[in-house]
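Remarks on the structure that follows.
The values are calculated or read from the model by the stated rules, or taken from the named source; none is laboratory data. The structure presented is a predicted model; accordingly, all values stated were derived computationally and were not measured. Methodologically, a virtual Cβ is constructed for each residue, glycine included, from the backbone with ideal geometry; neighbour enumeration extends over all protein chains shown. Surface areas here come from the heavy atoms of the whole protein model, side chains and all, with no ligands, DNA or RNA. Shrake-Rupley method; radii C 1.70, N 1.55, O 1.52, S 1.80 Å.
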Amino acid sequence: MTSQTNAGLPADPCELAPQHVRAIAPYQPGKPIGELAREMGLEEANIVKLASNENPLGLSPRARAAIEAAIAELGRYPDGNGFELKTALAARYGVPTAGIVLGNGSNDVLEMIAAAFLGPGRAAVYSAHAFAVYPLATQARGARGIVVPAKRYAHDLPAMASAIDAETRVVFIANPNNPTGTLLAPGEIEAFLRAVPSQVAVVIDEAYNEYLPAAQRYDSVAWLARHRNLILTRTFSKAYDLAGLRVGFALCDEKIADLLNRVRQPFNVNNLALVAAAAALGDGEFVRRSHELNLAGMTQLAAGFQRLGLTWIPSYGNFVSVEIPRVGGAARAGAVFQHLLRHGVIVRPVAGYGMPDHLRVTVGLAAENERFLTALAAALKA
């Protein structure tokens, strides 16, 4: 019976996985400090990591206190509905709790959206140089990705609207965008929302929203009442500094939230993440300090690039992509990246985003930024 059942089938079960899954190139995160220390024989304390867009300030006092108080309850499952955090988010943004979906980081929410709306015979539209999770989530569902060329490293919304076809079910927009740091004006986005067919879900990924300068801030939450196909995603991993706890959320129409919750994993946000996020949401002073530190660091990095004669993409996030000039027509961003690693500085190569001549660097503390600029200057001369 077994031989007949298996007749003509490969011996390896992996070969029977869907082709669109086997073709996925796994997401490559920033190199961890411990890994570099092992590879290069360096002391962890002497390594500067500016690769993963983390907040260098450390936990807010309120979040730390909430975590310590919740440790005793780790033997119990978390609140699967996230009542306390949803209540705090509803109060902050003036939306009903039924329109809030919690995720294990905003990546988890993006995956839910793909699971709910995409599949074979369907398509998603996203920009070149946009966040890697968009194509990954699309491909994992067997859907077709429609990649729209960027305009000066930014989303070309008119071209994206024109790219929507009969199979399109989702459009992904990052604002600010990672890894380019570019920002779309609110008027551009509203015009796009009016142009998109109502049956297409529009995702605006606002992971870096809290880093926007006051003059560039806008009220995207108000758009939810006018566009029922709109989904806003945000995270506590960046300005709120809870990257290691993995908690994000979506704000959307209640019917969309109901659909996302059908594909959401039970207990997808853990106890510590729930209480820390609720506490961090109320720590406005910490977010203010994070914002000010980021502005100062961005100014420091820009001045350093200018001294070195380098070109960079003006960024509205907590990171900046700098162009490494070619020599004799040959790209050398990879070589500069390796030089930085050998000197204990971790940044992020972005060749996988179609930017082979750029390196993305996270804004760190002043001393970390200076360490990077000094190492970069030496790498460019090597």
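Quick rundown of the values:
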| quantity | calculated |
| --- | --- |
| Enumeration of residues in the range 199-215 that are of a type outside the set (D, E, K, R) and either within 19 Å of the chain's Cα centre (by Cα) or modelled with pLDDT under 95 (or both) | Ala201, Val202, Val203, Ile204, Ala207, Tyr208, Asn209, Tyr211, Leu212, Pro213, Ala214, Ala215 |
| Residue among Glu84, Glu54 that is among the acidic types (Asp, Glu), under 25 Å from the mean Cα position of the chain (by Cα), under 23 Å from Ser290 (Cα atoms) and open to solvent by 50 Å² or more (accessible area, probe 1.4 Å) | Glu54 |
| Pick from the range 15-24, criterion closer than 17 Å to Arg141 by Cα and open to solvent by 90 Å² or more (accessible area, probe 1.4 Å), ranking: nearest to the chain's Cα centre (by Cα) | Arg22 |
| From the options Lys255, Lys238, residue that is outside any helix (DSSP H, G or I), among the charged types (D, E, K, R) and out of contact with any strand residue (DSSP E or B) (no Cβ under 9 Å at 6 or more places or on another chain) | Lys238 |
| Residue match in the range 83-92 (condition: acidic (Asp, Glu) and assigned to a helix (DSSP H, G or I)) | yes |
| Test result for Pro32, within 30 Å of Phe337 (Cα to Cα) and either surrounded by fewer than 12 Cβ atoms within 10 Å (Cβ to Cβ) or free of Cβ contacts under 8 Å to residues at least 60 places away in the same chain (or both) | yes |
| Single match in Arg152, Arg169, Arg194 (criterion: free of Cβ contacts under 8 Å to residues at least 60 places away in the same chain, open to solvent by 10 Å² or more (accessible area, probe 1.4 Å) and within 18 Å of Leu118 (Cα to Cα)) | Arg169 |
| Odd one out for Ser162, checked against (1) free of Cβ contacts under 8 Å to residues at least 12 places away in the same chain; (2) open to solvent by less than 10 Å² (accessible area, probe 1.4 Å) | (2) |
| Count of residues meeting criterion [under 20 Å from Pro96 (Cα atoms) and of a type outside the set (Val, Ile, Thr)] in the range 189-204 | 1 |
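Here is a yes/no grid of residues against (1) open to solvent by less than 10 Å² (accessible area, probe 1.4 Å); (2) touching a residue at least 24 places away in the same chain (Cβ under 8 Å); (3) touching a helix residue (DSSP H, G or I) at 6+ places or on another chain (Cβ under 7 Å):
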position: Trp312; (1), (2), (3): no, no, yes
position: Val327; (1), (2), (3): no, no, no
position: Ala331; (1), (2), (3): no, yes, no
position: Leu341; (1), (2), (3): yes, yes, yes
position: Tyr353; (1), (2), (3): no, yes, no
position: Val361; (1), (2), (3): yes, yes, yes
position: Glu368; (1), (2), (3): no, yes, no
position: Phe372; (1), (2), (3): yes, yes, no
position: Ala378; (1), (2), (3): no, yes, no
